[in-house]
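Input: a single structure, listed below in structure tokens.
Throughout, read-outs are computed from the coordinates displayed, never taken from laboratory work. Keep in mind that this is a model prediction, so the values were computed, not measured. Cβ: placed from backbone, ideal geometry, glycine included. Neighbour counts: every protein chain shown.
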DNA sequence: TTAAATAGGACTATTTTAAACCTATTACCC
DNA sequence: GGGTAATAGGTTTAAAATAGTCCTATTTAA
Ligand code: SF4
Ligand code: SF4
């Protein structure tokens, strides 16, 4: 169905939240989950992924929480997708060749790989900064 | 994971097969499944979808089978994707608004829709004709 | 020392995809 | 007309991916 995952959407919402309402402070997962209306536990997983990728930074302990790990100009939608879903694989042979039983006789692999890179480039051309400007309008 | 479905890949292989080895005749699902090495029953479903969309045409009965329903220049990768997977919905609110519980407070819906149309445009810019030329090289 | 937070492993439930199964219909050919 | 090889398509089952929960450990401010 070629649909983005829920976790990615949660992550994208969280990043824009941090970039607008989280300036100069750390924001708890609880606050974000309450404010945006989704599962605290699940959002927590998304935040952990974003943190590992350096998109978010965390402070542990009481009064802890998350803030952005980079400037909004330096975070692209692709960065968030990769942080949360891992490297993209439009076709299963991208994950591992033996995941496709017709690998050796496949003729459209080249095209599929080009397509994947084009989609990736689309995700890469929008930063959180530009996304926020579009939202404001 | 943003991966295309198996059924779509089967369909794309079948269309290129018909466009190269199916000239001036009808090809059975059995032949294509044997030749390309995948499930006859499953490919059959893909062919039925392609037929409904007019991409393939069928002849029933003994000596029946499939041939292309349009010229390779007139079939785009997007046509095949839509025939097999239905209208694309990068986000779940595209299917139906109430499939997303945060619909009313979502700020990135607009961007996601633009993104979807850009991806769709990418799929639309490659016809089977141009795809085959790329494969030949 | 308590409490509120992140970190992360393990598990469960739900949904989607892939595939198989089965029956009907069509039409060639003897 | 009857047998057979094909498409047409509905229903069911199996496998995989996604979504979400649960639980425990660790960190740190107060
Ligand atoms: S069909 Fe081709 S492109 Fe698709 S997974 Fe198999 S080898 Fe890769
Ligand atoms: S989060 Fe926004 S874009 Fe995604 S499904 Fe919900 S309303 Fe649509």
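Give the value in nm², to one decimal: projected area of the alpha carbon convex hull of chain A, averaged over all directions.
Numbers: hull surface 39.7 nm².
One quarter of the hull surface, i.e. the mean projection, equals 9.9 nm².
Sort shortest first the distances from residue B:110 to its counterpart in every other copy, using label points 7 Å along the Cα-to-beta-carbon line, and give them in nm.
When each copy's label point is compared with this one, the spacings are 4.1 nm.
Within 10 Å of each Cβ in B:104-110, how many Cβ atoms from other chains are there, averaged over the peptide?
Details: counts 1, 4, 4, 11, 10, 2, 4.
Other-chain Cβ atoms within 10 Å of each residue's Cβ, averaged: 5.
Grab the DSSP H runs of chain B that are 4 residues or longer, score each as -39,500 (n - 2.57), total them, divide by all residues and round the 222 nm result to the nearest 500 deg cm²/dmol.
Details: 6 runs with 71 residues, N = 137.
After summing the helix terms and dividing by residue count, I get -16000 deg cm²/dmol.
Over the C-alpha atoms of the range B:92-131, what are the Rg and the largest Cα-to-Cα span, Dmax, in Å?
Calculated on Cα positions, Rg and Dmax stand at 14.2, 44 Å.
Which whole-number percent gives the relative contact order of the range A:54-134, counting Cα pairs below 8 Å spaced six or more residues apart?
Details: 65 pairs, mean separation 29.4, N = 81.
Relative CO of the range A:54-134 lands at 36 percent.
Between the label point of residue A:70 and that of the same position in each other copy, find the distances and list them shortest first in nm, with every label point placed 7 Å from Cα along the Cα-to-C-beta direction.
Label-point distances to the other copies, shortest first: 4.0 nm.
Please report, for residue A:132, the nm distances (one decimal) from its label point, 7 Å out from Cα along the beta-carbon direction, to the equivalent points in the remaining copies, shortest first.
The projected label point of residue A:132 is separated from its counterparts by 5.1 nm.
What value does the range B:59-137 have for Rg/Rh, both radii from Cα atoms and Rh as Kirkwood defines it? Intermediate results must be reported in sequence, preceding the final value.
On the way: Rg = 17.8 Å, Rh = 15.3 Å.
Expressed as Rg/Rh, it is 1.17.
Quick check: the distance between the Cα centres of the range A:1-74 and the range A:78-137, to the nearest angstrom?
So the two Cα centres are separated by 22 Å.
At q = 0.16, 0.19, 0.20 Å⁻¹, what log₁₀ I(q)/I(0) does the range B:1-77 have when each alpha carbon counts as one equal point scatterer in the Debye sum?
The computed values of log10 I(q)/I(0) come out as -0.52, -0.73, -0.81.
What number does the protein assembly as shown give for Rg over Rh if you use C-alpha atoms and the Kirkwood radius? Spell out each step's value before the answer.
Numbers: Rg = 22.1 Å, Rh = 20.7 Å.
Taking Rg over the Kirkwood Rh, I get 1.07.
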